[in-house]
1. On full extension of the chain, what length is gained from Arg103 through Ala16, given 0.36 nm per residue of separation minus the C-alpha to C-alpha distance?
2. Report the gain in length on full extension from Lys85 to Ile54: 0.36 nm times residue separation, minus Cα-Cα distance, nm rounded to one decimal.
3. Only four residue types carry charge here, +1 at the Cβ of Lys and Arg and -1 at the Cβ of Asp and Glu. Report the dipole size of the chain about the Cα centre in Debye, rounded to the nearest 20.
4. Once label points are set 7 Å from the Cα along Cα→Cβ at both Thr195 and Lys135, what is their separation, rounded to one decimal in nm?
5. With viscosity set to 0.890 mPa s and temperature to 25 °C, compute the Stokes-Einstein D of the chain, Rh being the Kirkwood radius across alpha carbon pairs; µm²/s, no decimals.
6. Can you work out the FRET efficiency for the pair Lys4 and Ala203, with r the C-beta to C-beta distance and R0 = 35 Å, to the nearest 0.05?
7. Starting from the coordinates of the alpha-carbon atoms of the range 1-109, obtain the Kirkwood hydrodynamic radius over all distinct pairs and give the value in Å to one decimal.
8. Which FRET efficiency value, to the nearest 0.05, do you get for Arg214 and Glu64 by plugging their Cβ-Cβ distance into 1/(1 + (r/R0)^6) with R0 = 25 Å?
Amino acid sequence: MELKRIAAQMQPRSMAARDWVFQVLRSAIIQGALPGNMPLKQDEISAALKVSHIPVREAFRQLESQGLVRIHPNRGAVVTKLSQKEMSDVMDVRIMLELGALRAAIPFISPADIEKARELLLRFAEKQDYYASYKLNLSLHTTLYAPCDNAFLLALIEQMHANVDRFLHPYFDGSGNAELYSVEEHGHLIDACETHDAELATAVLRTHLESTKRLLIASPLLD
């Protein structure tokens, strides 16, 4: 079972059962192992992860709060699947949040931040599987946004990445050169951040995110 493989990758379990189950299910949704509209059966998940029903139910509620799962009174929990309109709306909000975070961060970005971003970009340019690329992409962006010193904003951005990036699987060919993951665009973004050019950096970021939005709206995984 794919869920068992993902759970094994996240061992050893050093957090509360509810949080661990949440992280396993969240990773499975992002990786596409639990696709949109798939029912989540408590019995099967409890057996696969070797936990009681209680942490599974609690994890479902956490996933619902992040928009990854919808709990129906008579159907139970189901993985969400966005429509094109919903995807467009989410991406518009994500663009506003990320541009705001970057603009606020620019004055405080340090040489150490730039060095870390370039190291992530080098790893990002290597051949990766989809989930590895997703995590590197998120880490790179977070490194540039983190100096804004707004944990709530950063958490919202991370949540939106998880909610929409799971629909990018059809564009990923495993070569490390998927359309979304433009090494050149990220390089230009890092260069602009290094010179503390807020106007250029936000312009590069907007172009990158608008390209991502177009890909996501065209994803065959949407409703």
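Computed from the coordinates by the stated procedures, all read-outs in this text should not be read as laboratory data. Since we're looking at a predicted model, the values are computed, not measured. Using ideal geometry, Cβ is built from the backbone for each residue, glycine included, and neighbour counts are taken over all protein chains shown.
1. Working: separation 87, 0.36 × 87 = 31.32 nm, distance 3.62 nm.
My answer for the length gained is 27.7 nm.
2. Values: separation 31, 0.36 × 31 = 11.16 nm, distance 3.46 nm.
Result: 7.7 nm gained on full extension.
3. Working: 24 positive and 28 negative charges, 231 e Å.
Rounded to the nearest 20 debye, it is 1120 debye.
4. It is 3.4 nm.
5. Numbers: Rh = 18.4 Å.
In µm²/s, the coefficient is 133.
6. Values: r = 45 Å, r/R0 = 1.29.
Once the sixth-power term is evaluated, E becomes 0.20.
7. Details: mean 1/r = 0.0648 Å⁻¹.
After inverting the mean inverse Cα-Cα distance, the result is 15.4 Å.
8. The calculated FRET efficiency here is 0.30.
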